[in-house]
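Bear in mind these aren't lab numbers, they're just calculated from the coordinates by the rules spelled out. Everything numeric here is computed off the predicted structure, so don't read it as measured data. With ideal geometry, Cβ positions are generated from the backbone for all residues, glycine too; neighbour counts draw on all protein chains shown.
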Amino acid sequence: MRGKPVTKRRISPDPKFRRLDIAKLINKIMERGKKTTAQKIVYGAFDYISEKTKQDPVDVYDAAMRNVAPNLEVKGKRIGGANYQVPIVVMGDRKATLAHRWIIEGASSRKGTSMINKLAEELMAAAKGEGVAMKKREDVQKMAEANKAFAHFA
């Protein structure tokens, strides 16, 4: 590894729910430094969820994160001139990062309505075990299962 290891930055919790994971979701949605716009999208999606489902939106968000967060992923490793897809266990923050990424990609791939509604619909679908983010998780898990024979290279 070259250079110094990067120090982990501390982020402050989001202003409404006082949670770090929601603050990370807001930061992931943010484009060109427009944090207030990203906050409006996330909080608007949470309002939409509570309106539609009559449930606490944070509970729906937690269920979606539990369902979408992967346990295994594959990592390319070059051994003896051949590239192998080696399954590895996903640890710590990487689970939440991948889940956020897949939920946002799934929401932005939906057509038609505003990002607030798209994000809310994707979170509700993920909480039920459906949607684009869940499909992505299942694909990653299947890839890891298919390459289980190369696990000894990890």
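Just a few scattered comments:
- Cα-centre dipole for region 1-142 with unit charges at Cβ (Lys and Arg positive, Asp and Glu negative), debye to 20: 800 debye
- Packing rank of 4-10, 92-98, where each peptide gets the mean count of other beta carbons within 10 Å, highest leading: 92-98, 4-10
- Over the chain: helical MRE at 222 nm, DSSP H runs n ≥ 4 each giving -39500 (n - 2.57), nearest 500: -18500 deg cm²/dmol
- Here's the picture: charge each Lys and Arg Cβ at +1 and each Asp and Glu Cβ at -1 in the chain, and of 82, 67, 44 the one pushed furthest to the positive end of that dipole is 82.
- Calculated on the Cα set of region 1-80, radius of gyration then Dmax: 17.1, 56 Å.
- Principal-axis tilt of helix 131-146 within the chain, Cα atoms, nearest 10 degrees: 10 degrees
- The angle between the Cα long axis of helix 57-68 and the longest principal axis of the Cα atoms of the chain comes to about 20 degrees, rounded to the nearest 10.
- Where the alpha-carbon atoms of the chain are placed on the principal axes, they occupy 55, 37, 26 Å, in descending order.
- Crossing angle, helix 35-53 versus the chain [Cα axis fit, 0-90 degrees, rounded to tens]: 80 degrees
- Qualifying lysines (Cα of each under 29 Å from Cα of residue 77; at least 8 residues distant if same chain): 4, 8, 28, 95, 135, 136, 142, 148
- Charge dipole (Cα centre; +1 on Lys/Arg Cβ, -1 on Asp/Glu Cβ; no other charges) of region 14-81 amounts to roughly 420 debye.
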